[in-house]
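Worksheet for the structure shown next.
Rule-based calculations on the coordinates, nothing more; no lab input. Not measured: the values here are computed from a predicted model. Ideal geometry is used to build each Cβ from the backbone, glycine not excepted, and the neighbour counts take in all protein chains shown.
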Amino acid sequence: MIKRALLTLALSAAVFTPAVPAAAQDMPFDSYLQQLTARARAEGVSEATIVRMTQGLQPNHRVIELDRGQPGSSSSGSGYPPLSSYIDRHVDAARINGGKRAYSSSLGTIRAIEREYGVPGEILVAIWGHETAYGAVTGSFDLAQALATLAWEGRRRELFAGEFVDLLKVADKGYPRSQLKGSWAGAFGNPQFLPSVYLRLATDGDGDGRANIFSNSADTLASIANYFRDAGWRAGQPWGVRASVPSGFNWSAVRSKVVSPVCPRVHERHSQWRTVGEWRALGVQPQRPLDDSVMASLFQPDGRAAPAWLLTANYRVILEYNCSNYYAMSVGLLADEIAR
């Protein structure tokens with residue numbers, strides 16, 4: 001199998017510079033592409049869409065390089081980079097001011113979306129800002145090429161094969177291939193949805209019969225809101241609040257013993273879940289109003305002398321969008337700044 005993969009790469013030398021190391025490519029790209037298009041055809045994609053989305057398609061070495069360069073999910077290191085420096089870079093004046101402008105310019109739409117979905121507008125705008133700088137940076141990779149390459153490369157074949165077929169279903173709605181550009185991993189549009197997410201959750205926010213997450217702010221914000229509602233956002237509850245922790249606080253008594261089946265290194269940094277009333281009894285005081293019955297987890301990412309937060313279940317919803325404490329905290333803190 002490895003020799004055949006190397007032969008395939010040698011025959012594709014004009015495309016691959018330098019040659020890609022052997023991995024899971026077990027057949028020539030064109031042969032594998034025929035399998036993908038057969039699956040798309042069987043799932044109802046029109047022949048015209050298949051032709052225009054696959055014409056001249058060749059694998060992209062840069063996509064494989066970027067995929068293989070991703071850090072593993074089970075790092076053996078125990079240290080974490082400081083949250084504060086990440087926040088300084090990602091919740092800066094440009095992003096805050098851009099968020100305030102985006103919020104103000106779409107205020108009427110945001111109010112309607114808040115009523116329908118129960119998700120605060122500042123959270124929606126903060127996601128938009130983090131994902132694409134309010135639509136300024138959406139990615140330039142040809143999505144058909146990127147997803148076909150990732151499926152053929154084979155490290156996560158079934159995932160990307162499904163996303164490639166779903167991309168063709170998106171294209172079948174009338175989007176030209178020239179518009180279907182995004183990240184090397186297949187995310188696209190203002191909210192950076194994968195094709196499967198677009199098909200399941202993208203929403204028409206302005207009543208024109210189309211869920212245009214490429215250039216329509218109403219559709220973008222409604223689609224993010226639909227994602228959050230689907231993930232379990234609890235209306236009327238903040239994502240989290242700053243909290244004061246007494247000196248000499250016994251962290252070992254509240255450390256979680258549960259190992260999360262998803263993103264364990266993200267969740268291992270959070271305490272046990274307790275009610276806000278129980279946290280108050282332990283001396284942990286929320287610095288903004290938070291009902292005593294709300295369940296929360298204590299998080300003090302940069303050590304005992306650094307800021308701490310009580311995180312609600314809505315913080316976990318932000319993690320559903322991107323399973324990173326750095327990402328989720330920066331979204332929450334940016335949203336707070338936008339709302340000021």
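Descriptive notes on the structure:
- Residues Lys257, Lys173, Lys100 arranged by fewest to most Cβ contacts within 10 Å: Lys257, Lys173, Lys100
- Long-range amide H partners of Tyr134 with built H, under 5 Å: Gly129
- Remark: spin-label model distance Arg111-Arg52 equals 4.0 nm, labels positioned 7 Å along the Cα→Cβ axis.
- Against the chain, whose longest principal axis comes from its Cα atoms, helix 93-105 is set at around 80 degrees.
- Karplus-derived HN-Hα couplings along the range 156-173 (A = 6.51, B = -1.76, C = 1.60, θ = phi - 60°), whole Hz, x at Gly and Pro: 9, 4, 5, 4, 7, 4, x, 5, 5, 5, 5, 4, 5, 5, 5, 4, 5, 7
- Label corresponding to Rg and Dmax of the Cα atoms in Å when calculated from the structure given, among (1) 30.4, 103; (2) 22.5, 69; (3) 20.3, 59: (2)
- Of all aspartates and glutamates in the structure, the ones whose alpha carbon falls short of 15 Å from that of Lys257, not counting any fewer than 8 places away in one chain, are Glu268.
- Positive minus negative residues near Ser297 (Lys, Arg vs Asp, Glu; Cβ under 10 Å): +3
- Shape analysis of the range 240-311 based on the Cα gyration tensor places the equivalent ellipsoid semi-axes at 19, 14, 11 Å, largest first.
- Amide H contacts under 5 Å for Phe214, placed H, 5+ residues apart: Asn190
- Counting neighbouring Cβ atoms within 10 Å and putting the fewest first, the residues Met329, Met295 line up as Met295, Met329.
- Between the range 268-303 and the range 305-340, the C-alpha centres lie 14 angstrom from each other.
- Partner aspartates and glutamates for Lys100 [C-alpha distance under 20 Å; skip if fewer than 8 residues away on the same chain]: Asp88, Asp92, Glu114, Glu122, Glu131, Asp219, Asp336, Glu337
- Straight-distance crosslink candidates among aspartates and glutamates, where the alpha carbon sits under 13 Å from Lys181 and sequence neighbours closer than 8 are dropped: Asp142
- Under Karplus coefficients 6.51, -1.76 and 1.60, residue-wise ³J(HN,Hα) of the range 265-270 in Hz, glycine/proline x: 6, 6, 7, 5, 8, 9
- The chain: calculated mean residue ellipticity at 222 nm from DSSP helix runs of at least 4, using -39500 (n - 2.57): -14500 deg cm²/dmol
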